[in-house]
Amino acid sequence: MKKNQSKKRNPLMIMVVIIALMAVAFSGMTVYAKVIQPKKYSQYIEQGNQYLQESQYEEAIIAFDKAIKIDEKSIEARIGASKGYIGMNKPTQAGTYLFKAQELDLKNEDLTLEMISIIKDADRDIASKLLQNYIDAVGYDNISDKFRNEVLESTDNESLEGFISKAQNLYDNSVEGDQNGNYESGSKEELLRVIEKAKKVDEGYFYTQDEVDEIATELLAAISEFESKKVMVMPSNLGDIYRSRIASVDNDSRYQYNNSWSFGDERNRYDEQREKYEEILDDICADIIKYFPDKAQEIKNYRNAFEQEKYMREQSMMEDAELAGGGNGWALDLINENRDSAREKCYELINRYM
């Protein structure tokens, strides 16, 4: 009888033992979760930060990864690990940690600013993506003035934007080819390269004012270079057009000698005729420079030499007049000589370049 009672009590005792063991185990798990794990987490974070200070980046990353295994939602550990990867010059890996950290607290402005400060010098594209994620989450109108001033509007891009607009308009409305008004082959591709580079800076958030000014200067130079490659084919009849203009001045009845003229009339008429020839000379010089840009300095020197000749004639004539006791006769001779010289220079340039 006693033997049977003993058998009946054994299952009950077993259950009691099992429950007791489960209680102990649960208690142990609770202690581990609430005491041991947090302590280990803090130790790993502390170790990781210490390794960062000592520039032991691989060890720092290992420590922060251990902290993440304990707390999968740890932003602090991911920020630390990203710093380790930046120290190892691996911005892509750093970005992976930062994007995950941002997901955990997407609308946190201070966190976004901290992450941007970590990555912007290593990879502007990642920094821009982090910034855009934040803007999309909170809305552009809800961004603080501090954030707007420090990040979004930290540079003056007005001049750069003007150059981009001008360059883009040139690019869109130009054609490469060998016809008059076309541009040399390959010139558009080079202009577009600089336009795209400038747009990247203009649309980016993490460029310094010096960098903005630098690309603006580069784009302005690219515009000038592009315009210099415009194909200008000189009309075959341009020389004849100028010869006709000269002949028109030659034959103008206003400049034909009239014995009824006073000395003053004669001088004024010839002086006016000289000015007409000089106007033609200036137009010829401008056209030569337009069609032959490489001759610009040569033509400017030619034109300046003509002015120097006029000046020297005036000085010489004045000295001669003073030696002769004065008089006005020299003035008419001088005007005639300068008039004839201007006409001669016109024909000289036409025959040489047209």
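Below are the figures for this structure:
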quantity	calculated
Other-chain or far-sequence residues with amide H under 5 Å of TYR183's (modelled H)	VAL175, GLU176, GLY177, VAL231
Translational diffusion of the chain, µm² s⁻¹ [Kirkwood Rh, Cα pairs; Stokes-Einstein; 25 °C; 0.890 mPa s]	83 µm²/s
Phi-based couplings in Hz for segment 118-124 (Karplus 6.51, -1.76, 1.60; Gly and Pro marked x)	6, 9, 4, 6, 8, 7, 5
Positive dipole terminus of the chain, leading residue within GLY84, ILE299, MET317 (C-beta point charges)	GLY84
Viscosity 0.890 mPa s, 25 °C: Kirkwood-radius Stokes-Einstein D of segment 158-228 over Cα pairs, µm²/s	197 µm²/s
Karplus 3J(HN,Hα) series, Hz, for segment 174-191 with 6.51 cos²θ - 1.76 cosθ + 1.60 (x for Gly, Pro)	10, 10, 7, x, 10, 8, 4, x, 6, 10, 4, 4, x, 6, 5, 4, 5, 5
Over the chain: helical MRE at 222 nm, DSSP H runs n ≥ 4 each giving -39500 (n - 2.57), nearest 500	-25000 deg cm²/dmol
Within the chain, longest stretch clear of exposed trypsin sites (Lys or Arg not before Pro) (DSSP loop, no more than 13 other Cβ within 10 Å)	108-354
Ascending count of other beta-carbon atoms within 10 Å, so fewest first, for SER224, SER260	SER260, SER224
Over 22 Å (Cα to Cα) - which of LYS40/LYS120; LYS129/LYS200; LYS40/LYS69; LYS166/LYS295; LYS166/LYS199; LYS39/LYS100 fall in this group	LYS40/LYS120; LYS166/LYS295; LYS39/LYS100
Calculated from backbone phi, Karplus (6.51, -1.76, 1.60) coupling profile of segment 66-73 in Hz, x at Gly/Pro	5, 5, 5, 5, 7, 10, 5, 9
Packing-based exposure ordering (other Cβ within 10 Å, fewest first) of PHE292, PHE64	PHE292, PHE64
Spatial extent of segment 89-175: Rg and Dmax, with the Cα atoms as the point set, Å	16.4, 52
Translational diffusion of segment 238-353, µm² s⁻¹ [Kirkwood Rh, Cα pairs; Stokes-Einstein; 10 °C; 1.306 mPa s]	103 µm²/s
For segment 216-290, the spread of Cα positions along each principal axis, largest first, Å	64, 30, 10
Ranked THR208, THR155, THR96, criterion: other C-beta atoms within 10 Å, fewest first	THR208, THR96, THR155
With Cα atoms, 0 to 90° folded angle of helix 209-228 axis to the chain main axis	40 degrees
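Rule-based calculations on the coordinates, nothing more; no lab input. It should be emphasised that the depicted structure is a prediction, and the values quoted were computed from it without experimental measurement. Here Cβ is always computed from backbone atoms with ideal geometry, including for glycine, and neighbour counts include all displayed protein chains.
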